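Trainee: Before I ask anything, let me first share the structure, which is written out below as C-alpha cells.
The values are calculated or read from the model by the stated rules, or taken from the named source; none is laboratory data. Note that this is a predicted model, so its numbers are computed, not measured. All Cβ positions, even for glycine, are placed from backbone atoms using ideal geometry, and neighbour counts span all protein chains on display.
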C-alpha cells in the first residue's frame, strides 16, 4: 500500500514538473483604465515615487513598510526602495525612462520573498478630455515561477492589484486639483 502511495505521489510531482516546463519563458501582465483627466495631471503621480502612497495598492498592504528614496526627486534615475512584511517583501524600483506626459519605464528588482527582476511600464494615451492609462509588468519566468504558474497565473496574482491601483489612480486624478505650474 505504501509503495502505491509513493508511486502516485511521484507521478503527481512529475506531472507538475512537466506542466511547469511547458509554461512560457516570459510573462506579461497588463491592465488599462480610462481616466477623466489630462495626461499632464496623471503623469506626476506616476513619475514621482513620493506620490505612489496616494494610489499604489501595495502601499496599503503594509502600513509599517519602510521606504527609502534616492536620486532625483522624480523622473529618470529616481529610486524607491522598500522593506515590509511577508506580503510586500522588499525590493527596489528605479525609473529608467520618463517621457512627459506619456511614458514611465521602471526597473523593478524584488529581493524578498523571492528574487526577481522585471520591467514595469506606464503608458498614458490622451483621448480627447480623457486619458487611457496602461500599466504593464513583464519579465522572465524562472522555473519556480513556472511551477507556481501551474496553480495560479501571474496575471491573476498581479492583475487584481493593478486593477485596484488603476482604480485608485483614477479616483485621485479625477478629484485632485490641478497643480499650479511654477512661474
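Trainee: Against the conditions (1) within 15 Å of residue 110 (Cα to Cα); (2) at pLDDT below 90, where does residue 61 fall short? Just the number, please.
Mentor: The failed condition is (1).
Trainee: Which of the residues spanning segment 129-146 are modelled with pLDDT under 95, surrounded by 18 or more Cβ atoms within 10 Å (Cβ to Cβ) and closer than 17 Å to residue 160 by Cα?
Mentor: Result: 137, single match.
Trainee: In addition: Give all pairs with beta carbons closer than 6 Å in which a residue from segment 14-27 that is on the phi < 0 side of the Ramachandran plot meets a residue that is assigned to a strand (DSSP E or B); count only pairs at least 6 apart in sequence or on separate chains.
Mentor: As it stands, the answer is 26/140, since those pairs meet every condition given.
Trainee: Being surrounded by fewer than 17 Cβ atoms within 10 Å (Cβ to Cβ) and in contact with a helix residue (DSSP H, G or I) (Cβ under 6 Å, 6 or more places away or on another chain) is the requirement here; does residue 126 meet it?
Mentor: Yes: the conditions hold for residue 126.
Trainee: Continuing with the same structure: Give the residue, chosen from 95, 46, 106, that is closer than 24 Å to residue 144 by Cβ, at pLDDT 95 or above, under 17 Å from the mean Cα position of the chain (by Cα) and buried (at least 19 other Cβ atoms within 10 Å of the Cβ).
Mentor: Working: 95 fails: closer than 24 Å to residue 144 by Cβ; 46 fails: closer than 24 Å to residue 144 by Cβ.
Exactly one of 95, 46, 106 is closer than 24 Å to residue 144 by Cβ, at pLDDT 95 or above, under 17 Å from the mean Cα position of the chain (by Cα) and buried (at least 19 other Cβ atoms within 10 Å of the Cβ), namely 106.
Trainee: Next question, about the same structure. Mind listing just one residue for me: the one in segment 49-64 that is without any contact (Cβ under 8 Å) to a residue 40 or more places away in the chain and outside any loop (DSSP other than H, G, I, E, B) and, of those, surrounded by the fewest Cβ atoms within 10 Å (Cβ to Cβ)?
Mentor: That would be 53.
Trainee: Looking only at residues in segment 1-35 that are exposed (fewer than 11 other Cβ atoms within 10 Å of the Cβ) and touching a strand residue (DSSP E or B) at 6+ places or on another chain (Cβ under 8 Å), which one is nearest to residue 159 (Cα to Cα)?
Mentor: Here the answer is 26.
Trainee: Which one is surrounded by the fewest Cβ atoms within 10 Å (Cβ to Cβ) among residues in segment 109-120 that are in a strand (DSSP E or B) and either free of Cβ contacts under 8 Å to residues at least 12 places away in the same chain or over 13 Å from the mean Cα position of the chain (by Cα) (or both)?
Mentor: 112
Trainee: Could you figure out which of (1) outside any helix (DSSP H, G or I); (2) surrounded by 14 or more Cβ atoms within 10 Å (Cβ to Cβ); (3) more than 16 Å from the chain's Cα centre (by Cα); (4) in contact (Cβ under 8 Å) with a residue 24 or more places away in the chain isn't true of residue 67?
Mentor: In the conditions (1) outside any helix (DSSP H, G or I); (2) surrounded by 14 or more Cβ atoms within 10 Å (Cβ to Cβ); (3) more than 16 Å from the chain's Cα centre (by Cα); (4) in contact (Cβ under 8 Å) with a residue 24 or more places away in the chain, residue 67 misses (4) alone.
Trainee: Quick one: residue 73 ticks every box in (1) out of contact with any helix residue (DSSP H, G or I) (no Cβ under 8 Å at 6 or more places or on another chain); (2) modelled with pLDDT of 90 or more; (3) over 21 Å from residue 166 (Cβ atoms) bar one, so which box is it?
Mentor: It is condition (1) that residue 73 fails.
Trainee: What are the residues in segment 155-178 that are out of contact with any helix residue (DSSP H, G or I) (no Cβ under 7 Å at 6 or more places or on another chain) and under 22 Å from residue 107 (Cα atoms), if any?
Mentor: Of everything in segment 155-178, those that are out of contact with any helix residue (DSSP H, G or I) (no Cβ under 7 Å at 6 or more places or on another chain) and under 22 Å from residue 107 (Cα atoms) turn out to be 155, 156, 157, 158, 159, 160, 162, 163, 166.
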